[in-house]
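In what follows, a single structure is set out as structure tokens and then discussed.
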Amino acid sequence: MAVKNLLRLALFLFGLHHSGPAFAAQVLEKIRIGFPSLAFSYLPFYVAQEKGLLKKAGLEAEYIQMRTGIQPQAALHGEIHFFPSISTGISAAVSGLPLVVVLNLYNGTPWILVSAREIHRPQDLVGKKIAVSGVRTAPHYFALAGLKKMGLDEKAVGFISTGGTATSFAALTTGQVAGAVLTPPFDDKALSLGFKKLLFLGDLVDIPYVGLVTSWAEVRGHRNRVQRTIAVLMDAVSWLRSHRVEGVKMIAGKFQVTQAEAERTYETLIQMLTTDGRLNPRVVRGYLEILRLERPVPPDLDPQGLLDFSLLPN
């Protein structure tokens with residue numbers, strides 16, 4: 001009898017030992033996040049995936065490429081759980097969609113208008129086309145502000161919607177457009193190819209940048225999942241701050257840029273990354289004023305109603 005019990009115990013312990021990895025894989029909760037294209041602003045998401053931070057939190061993420069414009073509906077229909085464009089999320093929420101910003105990753109924006117070699121002055125853009133990620137997206141609004149600053153009528157140029165920063169860069173370098181609204185490292189990469197940084201756009205208007213947007217249904221129904229996703233991204237921010245060499249190496253590898261270009265991109269990134277994950281309501285109010293130029297926005301709309309930072313780590 002004792003031998004039989006020992007045998008049962010041995011089989012039980014053997015099962016525990018050999019089923020450990022399979023069991024761990026089963027308990028990972030899956031999340032889906034939509035991205036329009038490869039971009040340096042999504043680096044915390046890449047770190048979370050590649051450095052095992054998601055898995056450590058019991059999450060398994062699927063990163064799905066989709067145009068920014070369809071992400072709000074995708075989130076509401078459960079095709080994705082999150083998307084990163086705060087400006088897109090707020091714009092959709094103002095239109096009545098039940099979406100909410102739960103994390104802000106950046107304080108500031110690095111958008112730059114990069115022009116073709118033959119553009120020597122702003123007036124040379126007249127009659128030409130500029131590539132932006134999408135019409136009525138942050139790059140588009142920054143481009144409009146840039147045209148105004150340069151004394152050009154917005155109707156003097158045309159816009160091509162590319163779906164993402166990487167494709168805007170491709171449109172510029174293949175001669176499809178005379179200018180493109182880019183972020184690092186694409187701006188420096190274009191510069192090394194002979195293109196020009198015509199105007200820095202990031203300080204012209206208040207438009208939120210990148211973070212985490214989800215549906216109110218997700219917040220209410222899967223609060224723990226949302227909270228863990230936020231915590232992982234904040235851990236990724238901390239990792240980037242404390243791992244300069246690896247961070248630069250990741251940028252160089254992902255974006256196929258030189259060491260010097262990757263170093264400059266890293267410096268830009270670190271200067272902008274959040275310290276607390278919150279978004280200044282002033283930036284939201286500024287963005288609402290931009291939206292009011294093209295659609296009705298209630299004058300008493302409370303910016304705080306578009307944000308929920310209650311799940312941020314203490």
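Bear in mind these aren't lab numbers, they're just calculated from the coordinates by the rules spelled out. These numbers were taken from a predicted model, which means no experiment stands behind them. In this analysis, Cβ positions are derived from the backbone assuming ideal geometry, glycine residues included, and neighbour counts consider all displayed protein chains.
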field: DSSP beta bridges in the chain [antiparallel fraction, %, rounded to 5]
entry: 50
- prompt: Under the Kirkwood approximation for Rh and a Cα-based Rg, what ratio Rg/Rh is obtained for the chain?
  reply: 1.07
- prompt: Going through segment 75-162, which trypsin sites (Lys or Arg not before Pro) have at most 15 other Cβ atoms within 10 Å and a DSSP loop state?
  reply: Arg117
- line: Per the charge dipole of the chain (beta-carbon charges, Lys/Arg positive, Asp/Glu negative, Cα centre), the residue among Val283, Phe169, Pro139 reaching farthest to the positive end is Phe169
statement: Listed by chain and number, the residues whose amide H is under 5 Å from that of Leu198, excluding neighbours fewer than 5 places away on the same chain and using placed H, are Leu113, Val114, Ser115
- prompt: For Lys128 and Glu50 in the same chain, what is the full-extension length gain: residue separation times 0.36 nm, less their Cα-Cα distance, in nm?
  reply: 24.0 nm
statement: From the cross-link list Lys196/Lys254; Lys51/Lys196; Lys56/Lys249; Lys51/Lys197; Lys129/Lys189, the entries with a Cα-Cα span beyond 27 Å are Lys51/Lys196; Lys51/Lys197
query: Stretched out fully, how many nm does the piece from Ser242 to Glu154 gain, at 0.36 nm a residue minus the Cα gap?
result: 27.4 nm
query: Can you give the convex hull volume per residue for the Cα atoms of segment 112-200, as a whole number of Å³?
result: 75
Residue-averaged [θ]222 nm for the chain, counting only DSSP H segments that reach four residues, each worth -39500 (n - 2.57): -14000 deg cm²/dmol
query: Can you tell which of Leu199, Gly151, Tyr63 lies farthest toward the positive end of the dipole of the chain, using +1 and -1 charges on the Cβ of basic and acidic side chains (Lys, Arg; Asp, Glu)?
result: Tyr63
- request: Report the charge-dipole magnitude of the chain in Debye, nearest 20, computed about the Cα centre from +1 at each Lys and Arg Cβ and -1 at each Asp and Glu Cβ.
  value: 480
message: Taking only complete DSSP H runs, can you tell me which helices of the chain stretch 15 Å or more along their own long axis by Cα positions and average at least -0.5 on the Kyte-Doolittle scale?
response: 2-27, 138-149, 223-242, 244-255, 281-292
query: Counting GluC sites (Glu not before Pro) as exposed when in a DSSP loop with at most 15 other beta carbons within 10 Å, what is the longest stretch of the chain free of them?
result: 119-293
- prompt: Once all Cα-Cα distances of segment 210-292 are split into 5 Å bins that start at 0, what whole-number percent is in each one?
  reply: 3, 12, 17, 16, 16, 15, 13, 7, 2, 0
task: Multiply the residue separation of Lys249 and Val135 by 0.36 nm, subtract the distance between their alpha-carbon atoms, and state the gained length in nm to one decimal.
output: 37.7 nm
